[in-house]
Amino acid sequence: MRTDFGIVVIGGGLVGACTAALAAAEPAFANLPVALIEANPLRAPPPPDVVDLRVSALSVASARILDSFGAWSALDARYKGPYCDMVVWDAAGKPYGTASIHFSASGSSEPNLGHIVENKRLLWCIYGTRAFRDGVSLLEGELASLDLDEERAELTLTDGRKYTAQLVVGSDGAQSLSRKLAGIEVSCQDYDQAAFVTHVKTALPHRQTAWQRFLPDGPIAFLPLADGRSSIVWTTKPEHAQALVRDSAARVEAELEAAIDGVLGKVTLDADRVSIPLRMIHARRYCTERFVLVGDAAHTVHPLAGQGVNLGFLDSAALIEVLAEELTAGGTVETFCERRVLRRYERWRKSENTLALAFIDGLNRLFGSGSGVAASARRWGLGVVDQATPLKRFLMGRAMGTTGELPRLALAHPGSRQR
Ligand SMILES: Cc1cc2nc3c(=O)[nH]c(=O)nc-3n(C[C@H](O)[C@H](O)[C@H](O)COP(=O)(O)OP(=O)(O)OC[C@H]3O[C@@H](n4cnc5c(N)ncnc54)[C@H](O)[C@@H]3O)c2cc1C
């Protein structure tokens, strides 16, 4: 049956926009109409001199995926803050002491471990790529209902507009309505933590290093911004995060300096302050007939390892790869939305994401435990991991997105698909 679109992506955040652009850039999908439905699409580029509060540590793999359709090279170098080192330590230890781990790009074949980028600025670059502009119909609107039947999917927006599609990709974030409408359940865990987020100036240079110290209520990270400042993500009790938003600047600056053990000297607040509640959500299934989940709609993870959007970009690339394989193996747009095809994507990404979620959750619990035995074990463990080269290399590879079962586009030389 004829449909308005081959693929409709719901939610044009970073992962949905990337998925739509990858679909538009995929040669096997030539002439397949792609649409992206987004409730609040960006209408103008972010102002050049204001660094948005929401930034992400992007892995090497994410940069490769984004580069495959021109979004990474479109992001100006002055907005990409490379980090070459990462120092992680326990509250009871010291940055380079025995209870710490030091990851360095010098121990890898890459020039850096990743980059800190602004979410909105990157999103604007994705929207601006040729693949996106020429190949994606961006529809401003909010999904209200979804009917998935044997012949097609029918989507209705809150203003009454209706569209039909062969396949619907749910990328509408942690509170995904499309996931709910498709009847997919989630497992959910409240962390009883919130992330306090702001940007600061520091007396000492960050030296392109991501600094992270594990405190009893959660980790504090100073992430190096391209303009020399640092972005703070401090995971702590919700009431403490709220107090950090409200309290006087002088008090918060003193708290931040003490929390990071003074490694960057005097700290000065230099942006708005927000508190974001944290939950872990994992969809029990990633697909049904004609419907598939990517990004935070499939899995919402604790920010301590800076992995959420990186896992989402891997979902996007893996999904497009599976669908393209089906078409090049003789399948059609009528068959690529069958559950047996979508299950290939689900098996691949759910197992990788389950591993990542378990690891991140485990770290949060281990470091959150104040008990004497757990605290001694983790201090000992950090030191051991720092000395154990193969294990350290494994963890670094996972963080950079260069190990694991990777989609072709996340590999070093997949061949450019830029049009
Ligand atoms: C404090 C903090 C720090 C983080 N740091 C990092 C980091 O360093 N590295 C990293 O990889 N990840 C990080 N993350 C995680 C990362 O921000 C998320 O994983 C990522 O933004 C998810 O992107 P998404 O596109 O899947 O979802 P979202 O960004 O939530 O986008 C969903 C989109 O769907 C739209 N939408 C929702 N409902 C509808 C509807 N009914 N109809 C139409 N549109 C709809 C919304 O408007 C939105 O644009 C961090 C998270 C937090 C909280």
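Please treat every number below as a calculation from the coordinates, not as lab data. Worth saying up front: this structure is predicted, and the values here are computed from it rather than measured. Note that we place each Cβ from the backbone using ideal geometry, even for glycine, and neighbour counts take in every protein chain shown.
Taken as a whole, the condition of being over 22 Å from LEU225 (Cβ atoms), surrounded by fewer than 19 Cβ atoms within 10 Å (Cβ to Cβ) and not polar (S, T, N, Q) applies to PRO41. Whether any residue in the range 175-193 is basic (Lys, Arg) and buried (at least 19 other Cβ atoms within 10 Å of the Cβ) is what I want to check. Scanning the range 175-193, I find at least one residue that is basic (Lys, Arg) and buried (at least 19 other Cβ atoms within 10 Å of the Cβ), so the answer is yes. Considering only the range 127-143, state which residues are assigned to a loop (DSSP other than H, G, I, E, B), within 9 Å of the ligand (Cβ to nearest atom) and not small (Gly, Ala, Ser). Matches in the range 127-143: GLU142 only.
Would it be correct to say that ALA195 is within 16 Å of the ligand (Cβ to nearest atom), assigned to a strand (DSSP E or B) and in contact (Cβ under 8 Å) with a residue 40 or more places away in the chain? Considered against the rule, which asks whether it is within 16 Å of the ligand (Cβ to nearest atom), assigned to a strand (DSSP E or B) and in contact (Cβ under 8 Å) with a residue 40 or more places away in the chain, ALA195 comes out as yes. Note on the range 163-192: among residues that are farther than 21 Å from ALA358 by Cα and assigned to a loop (DSSP other than H, G, I, E, B), the one that is nearest to the ligand (Cβ to nearest atom) is ASP172. Identification of strands (runs of 3 or more DSSP E) wholly contained in the range 257-312 with 2 or more residues that are out of contact with any Leu (no Cβ under 6 Å at 6 or more places or on another chain), closer than 24 Å to ASP90 by Cβ and in contact (Cβ under 8 Å) with a residue 40 or more places away in the chain yields 274-283.
Screening ASP76, ASP67 for residues that are away from the ligand (no atom under 16 Å from the Cβ), crowded, with 18+ Cβ neighbours inside 10 Å and among the charged types (D, E, K, R) leaves exactly one candidate, ASP67.
Residues that are surrounded by fewer than 16 Cβ atoms within 10 Å (Cβ to Cβ) and either closer than 28 Å to ARG78 by Cα or over 28 Å from the mean Cα position of the chain (by Cα) (or both) within the range 139-155 comprise ASP147, ASP149, GLU150, GLU151, listed in sequence order. Criterion applied to ALA77, ALA99, ALA25, ALA61 was being touching a helix residue (DSSP H, G or I) at 6+ places or on another chain (Cβ under 7 Å) and more than 27 Å from GLY218 (Cβ to Cβ), and the one residue passing it is ALA25.
Taken together, VAL309, VAL292, VAL333 contain a single residue that is surrounded by fewer than 21 Cβ atoms within 10 Å (Cβ to Cβ) and of a type in the set (Val, Ile, Thr), which is VAL333.
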